1. Whose amide H sits under 5 Å from the amide H of Ile53, counting only residues 5 or more places off or on another chain, with H placed in the peptide plane?
2. Show the residues, 5+ positions off or on another chain, whose built amide H is closer than 5 Å to the amide H of Gln90.
3. Based on the Cβ-Cβ distance from Glu46 to Ala20, what FRET efficiency comes out when R0 is 30 Å, to the nearest 0.05?
4. Could you give me the ³J(HN,Hα) list for the range 27-43, computed from phi with Karplus coefficients 6.51, -1.76, 1.60 and θ = phi - 60°, whole Hz, x at Gly and Pro?
5. Put a dot 7 Å past each Cα toward the Cβ at Phe117 and Cys81; how far apart are the dots in nm?
6. Work out how much length Leu55 to Leu33 would gain on full extension: take 0.36 nm times their residue separation and subtract the Cα-Cα distance, in nm to one decimal.
Amino acid sequence: MAEHMDLRHVMGMGIAFTRASAASLSFCYSLLLLTMCRNLITKLRELPIHQYIPLDSHVQFHKIVAMTALFFTLIHTIGHCINFYHVSTQPVEHLRCLTKEMQFDSDFKPTIAFWLFQTIT
């Protein structure tokens, strides 16, 4: 019974898209900050690593990382939309793994309007 009511079953493939793109976003946004840090680039020029990394084109690399972050932001948003659809179309019994605090009547089926306008989320 637990395999039909766990988070992965309720969310479907949306949770994989959301979590994978969130991990990529964490990496991209930290890399965005590092590519424009002048002190770091100056220190790296003193090391022999500058022979392998093109430190003079850090602005172009910053733009490439920003476009990559935009792409993963779109994937992350689409994953949340898929998750929202799956949550709003599940039977009430399967939603126990998400919210143990919410109690539904036996004949009540939450709709998309319920999740949008009648809950805190």
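Quick note: the coordinates plus some simple rules give every number you see, no bench work behind them. Quantities reported herein were computed from a predicted structural model and do not represent experimental measurements. Neighbour counts are summed over all protein chains in view; Cβ atoms, including those assigned to glycine, are modelled from backbone coordinates with ideal geometry.
1. none
2. HN-HN under 5 Å from Gln90: empty list.
3. Plugging the Cβ-Cβ distance into 1/(1 + (r/R0)^6) gives 0.25.
4. Ordered by residue, 3J(HN,Hα) equals 5, 5, 5, 6, 5, 4, 5, 5, 6, 10, 7, 5, 4, 5, 5, 5, 5 Hz.
5. Inter-label distance under the simple model: 2.1 nm.
6. So the chain would gain 6.5 nm between Leu55 and Leu33.
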